[in-house]
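Presented below is the structure to which this report refers.
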Amino acid sequence: MISTGHRPFSSFCPAMQGLILQLIRDEYQPLLQLPVDLSDESWSEAVTKANPVLFYLNDGAPLIQIGEASRASLQKCLKQELSQSE
């Protein structure tokens, strides 16, 4: 059975937020050329502020993806917030 849906980042439980946060960090840190030593707290605050909408699909193996409409605003917010944290 395939299940799909979408939710904002803020509606996930803390454990899921932590996993999603790590995935976002792994993708956007090199893309935006952000320092590797930024704190987890800085990343958490920036992603929480952006509150991207995530789409999920479960067809035996779960897949979580940032919604297209959220990508640009997330990238802008991360760059703005995390560049200030340097």
Based on this model, can you work out whether GLY18 counts as in contact with a His (Cβ under 9 Å, 6 or more places away or on another chain) and of a type in the set (Gly, Ala, Ser)?
no
In the set LEU31, LEU57, LEU78, LEU38, the lone residue that is surrounded by 12 or more Cβ atoms within 10 Å (Cβ to Cβ), more than 18 Å from GLY18 (Cα to Cα) and hydrophobic (A, V, I, L, M, F, W, C) is LEU57
Can you confirm whether PHE9 is in contact (Cβ under 8 Å) with a residue 12 or more places away in the chain, among the hydrophobic types (A, V, I, L, M, F, W, C) and touching a Pro at 6+ places or on another chain (Cβ under 6 Å)?
yes
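Every read-out reported here was derived from the displayed coordinates using simple, explicitly stated rules and does not represent laboratory data. Nothing here was measured: the structure is a model prediction, and the numbers come from that model. So basically every Cβ, Gly included, is an ideal-geometry build from the backbone, and we count neighbours across all protein chains shown.
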